[in-house]
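Student: First the structure, which I've put down as structure tokens, then a few questions once you've had a look.
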Amino acid sequence: MQKKSDEKQLLAGNRFDVHAMELVGSDGKTYIREVVRHPGAVLLLPILDNGDVVMIENYRPTIDQTLLELPAGTREPGEPPEITAERELVEETGYAAGKLQHLHTYFSAPGICDEQMFLFLATDLTAGDAQREAVEQIENRIVPIDQAMQMIRDGKILDAKTIVGLSLYQMMSPTT
């Protein structure tokens, strides 16, 4: 078992920090691992009354692609996940949820990052105007749940958090 002995900050970013972590291996040697320290995020599964999912087509400059995703967003430090979920749903889609239900919590990439994702089911939705950030290139896309699952199988949905969220919902759904 590795022992964590020390950690120092390499980069202080706007949304996350990068640290160098010293680990002592079973051989007694010290190893350095870079890790991302992240305040956490929410993932939303907005379901319309007819069962369709409100998804977003989101341009991701890091990979120069537009991905079909579930809406999500980073928590402010110390912010309760429910508050982030309410804010991000309106910001990214324009929809407000009458009901938010926490479905699951998981780590997005624990080998390199401590980001914890909180998955919420958002129902009783009311449409409104999105409040997207100036750098976001997002469009809403309404997708039947069966079609979204087929898009995962066909390799058309490539975003990991979206695959996790939709798959967990399907597993937890009483109709499956």
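Student: Checking the cross-link filter: which lysines have an alpha carbon closer than 24 Å to that of K8, excluding same-chain neighbours under 8 positions apart?
Tutor: Of all the lysines, those that pass the test against K8 - Cα under 24 Å, at least 8 places apart if same chain - are K29.
Student: What distance in nm separates the two pseudo spin-label positions at S26 and S167, each 7 Å out from Cα along the beta-carbon direction?
Tutor: About 2.9 nm, to one decimal.
Student: What is the percent of Cα-Cα separations in the chain that go past 31 Å?
Tutor: Working: 3547 of 15400 pairs.
Counting pairs separated by more than 31 Å, the tail of P(r) holds 23 percent.
Student: Next question. For segment 103-164, run through the trypsin sites (Lys or Arg not before Pro) and keep only the ones in DSSP coil with at most 14 other Cβ atoms within 10 Å of their Cβ.
Tutor: Details: sites: R132, R141, R153, K156, K161; in loops: R132, K156.
For trypsin sites (Lys or Arg not before Pro) across segment 103-164 that sit outside H, G, I, E and B with at most 14 neighbouring Cβ atoms in 10 Å, the list reads K156.
Student: Another question, if that's okay. For the chain, what is the accessible area per residue in Å² when the probe is 1.4 Å?
Tutor: Details: 10110 Å² over 176 residues.
Result: 57 Å² of accessible area for each residue.
Student: What are the radius of gyration and Dmax of segment 64-130, computed over its Cα atoms and given in Å?
Tutor: Using the Cα atoms of segment 64-130, the pair Rg, Dmax is 12.9, 38 Å.
Student: Sequence-distant or interchain residues sharing an amide H contact under 5 Å with L125, placed H: which?
Tutor: Long-range HN contacts for L125: D49, G98.
Student: Could you give the radius of gyration (one decimal) and Dmax (whole number) of the Cα atoms in segment 17-74, in Å?
Tutor: Every Cα atom of segment 17-74 included, Rg and Dmax give 19.1, 59 Å.
Student: Also, quick follow-up: If you plug each phi of segment 11-16 into the Karplus form 6.51 cos²θ - 1.76 cosθ + 1.60 with θ = phi - 60°, what whole-Hz ³J(HN,Hα) values come out, in order, with x for Gly and Pro?
Tutor: For segment 11-16, the Karplus-derived couplings read 8, 9, x, 6, 10, 7 Hz, x marking Gly and Pro.
Student: Over segment 13-117, what is the relative contact order in percent, taking alpha-carbon pairs closer than 8 angstrom and at least six residues apart?
Tutor: On the way: 165 pairs, mean separation 27.5, N = 105.
Across segment 13-117, relative contact order equals 26 percent.
Student: Using a 1.4 Å probe, how large is the accessible area of V54, given in Å² and rounded to the nearest 10?
Tutor: 0 Å²
Student: Per residue and in Å³, how big is the convex hull formed by the alpha-carbon atoms of segment 105-176? Write out the running numbers ahead of the final one.
Tutor: Working: hull volume 11.0 nm³, N = 72.
Per residue, the Cα convex hull of segment 105-176 comes to 153 Å³.
Student: Filter the trypsin sites (Lys or Arg not before Pro) in segment 8-80 to those in DSSP coil with at most 13 other Cβ atoms within 10 Å of their Cβ, and list the result.
Tutor: R15, K29
The values are calculated or read from the model by the stated rules, or taken from the named source; none is laboratory data. Values in this document were obtained by computation on a predicted structure and should not be read as measured data. A quick note on method: Cβ atoms are made from the backbone with ideal geometry, for glycine too, and the neighbour counts reach across all protein chains shown. Remember, those area values only see protein heavy atoms, side chains included, never the ligands or the DNA or RNA. Shrake-Rupley method; radii C 1.70, N 1.55, O 1.52, S 1.80 Å.
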